Amino acid sequence: MTQLQIQKFRSNLLAWYNQNKRDLPWRKNKDPYSIWLSEIMLQQTTVKTVIPYYERFLKKFPTLQSLAKATEHDYLNLWQGLGYYNRIRNFHRASLIIKKDSLIPATKKELIQLPGLGDYTASAIASIAFNEPVAVVDGNVMRVLARLFAYDKEITSKEAKKFFAEKSQEILEVKSPGDFNQAMMELGATVCTPHNPTCYLCPVNSFCEGLKKESVEKFPVKAKKITYKNEEYFCEIHIRKNKILLRQRLSDEIMQGLWELPLILTYTKNIPIDIKPIRHSIMNKRMLIYPKIFENSKKKSSEKWVPLTDLKNYPLTTVSRKILKLIPNLWT
Ligand code: SF4
């Protein structure tokens with residue numbers, strides 16, 4: 001694109017964004033703490049899922065200082081079900097570091113030094129909260145750029161990353177970088193969608209090489225899909241005197257610190273079950289889980305008997321919550 005075309009591109013995109021942006025809670029102010037929270041919650045998670053989590057979290061921890069005082073139990077309890085628990089652990093670690101100076105750093109260069117902040121999140125906070133002219137590149141932006149420039153290299157290659165970083169910075173509107181970045185992401189999320197993009201509604205369709213070539217869905221070019229591993233598990237539900245046995249995940253396991261019903265990998269077929277089996281996917285694993293209730297069970301070491309009335313205060317793994325919801329009258 002020539003400089004003139006880039007200017008036109010920016011003004012078309014920003015005008016469209018101002019008229020069409022979704023009314024999302026984190027767009028109501030420029031508070032860096034709440035923008036930071038929204039950005040980490042939105043990683044790998046949909047907007048619809050994030051909104052209630054975001055609102056509950058801010059109600060309980062409205063400032064970085066209040067988060068810094070939180071216990072692991074408290075913040076995991078608010079995060080349970082969102083997954084990728086390192087996001088909140090790192091956010092908490094960062095809050096402890098910043099608490100000493102009491103101000104969130106205002107530049108990408110400083111932000112990126114904090115735990116859990118990569119190029120994308122640091123750029124998003126710096127541009128949206130502090131107006132620093134740095135471009136953001138997330139999955140939505142990559143898709144828009146790949147189609148706009150009909151870029152045909154594999155999207156995760158080193159070469160592609162360099163291309164996206166350079167192009168996004170070249171077209172960035174430096175006078176309002178926060179809005180421009182959000183407009184690019186919004187375009188990818190609502191118009192330039194992975195399937196059936198609505199190009200006739202796109203404010204920058206006159207600049208789109210993919211559209212000119214009538215091949216928008218060819219872009220971005222992606223490597224082969226990951227293969228899934230199927231596994232079957234028993235899930236033990238030990239209940240005794242209105243208490244249930246839970247196990248806390250250890251520090252060398254994923255989702256460390258969360259509580260769960262004990263899961264045991266099985267190779268047995270034709271398993272007798274108490275409740276219908278449930279399906280659950282995590283990373284590249286597809287799990288089929290057979291829950292089995294043991295009443296008047298004996299306590300096992302390293303596990304804990306939790307009163308059923310207290311269950312809602314425990315941060316549980318998603319799969320355990322799914323199973324417990326199937327047992328009638330268990331949650332009070
Ligand atoms: Fe995406 Fe279509 Fe717009 Fe091109 S014209 S950027 S493919 S929505």
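The values are calculated or read from the model by the stated rules, or taken from the named source; none is laboratory data. These numbers come from a predicted model, not from an experiment. Because the Cβ atoms are built from the backbone with ideal geometry, glycine has one as well, and the counts that use them run over all protein chains shown. SASA here: full protein model, heavy atoms, side chains in, ligands and nucleic acids out. Shrake-Rupley method; radii C 1.70, N 1.55, O 1.52, S 1.80 Å.
From the list GLU154, GLU170, GLU132, which residue is in contact with a Pro (Cβ under 9 Å, 6 or more places away or on another chain), away from the ligand (no atom under 15 Å from the Cβ), touching a residue at least 60 places away in the same chain (Cβ under 8 Å) and over 14 Å from LEU14 (Cβ atoms)?
Criteria check complete, one pass: GLU154.
Any chance you could count how many residues in the stretch 135-173 are within 20 Å of the chain's Cα centre (by Cα), assigned to a helix (DSSP H, G or I) and either surrounded by fewer than 19 Cβ atoms within 10 Å (Cβ to Cβ) or of a type in the set (Asp, Glu) (or both)?
1
Could you list, in sequence order, the residues of the stretch 27-60 that are closer than 21 Å to GLY257 by Cα and more than 19 Å from the chain's Cα centre (by Cα)?
Matches in the stretch 27-60: LYS60 only.
Quick one: in the stretch 178-210, which of the residues that are small (Gly, Ala, Ser) and within 10 Å of the ligand (Cβ to nearest atom) is surrounded by the fewest Cβ atoms within 10 Å (Cβ to Cβ)? Steps first, answer last, please.
Quick first cut of the stretch 178-210, residues small (Gly, Ala, Ser) only: 178, 183, 188-189, 206, 210.
Pick out the ones that are also within 10 Å of the ligand (Cβ to nearest atom) and you get 188, 206, 210.
Details: GLY188: 21, SER206: 12, GLY210: 25.
Ranking the candidates gives SER206 first.
Can you tell me which residue is nearest to LYS285 (Cα to Cα) among those in the stretch 211-248 that are open to solvent by less than 50 Å² (accessible area, probe 1.4 Å), within 16 Å of the ligand (Cβ to nearest atom) and not aliphatic (A, V, I, L, M)? Give the steps one after another, and end with the answer.
Quick first cut of the stretch 211-248, residues open to solvent by less than 50 Å² (accessible area, probe 1.4 Å) only: 215-216, 219-221, 231-233, 235-239, 244-247.
So of that shortlist, the ones also within 16 Å of the ligand (Cβ to nearest atom) come out as 215-216, 219-221.
Of the ones still in play, those that are also not aliphatic (A, V, I, L, M) are 215, 219-220.
Details: SER215: 33, PHE219: 28, PRO220: 26 Å.
The selected residue is PRO220.
Free of Cβ contacts under 8 Å to residues at least 40 places away in the same chain and under 30 Å from ARG321 (Cβ atoms): which single residue out of ILE98, ILE51 fits that description? Write out each step before concluding.
Values: ILE98 fails: under 30 Å from ARG321 (Cβ atoms).
Of the residues listed, the single one that is free of Cβ contacts under 8 Å to residues at least 40 places away in the same chain and under 30 Å from ARG321 (Cβ atoms) is ILE51.
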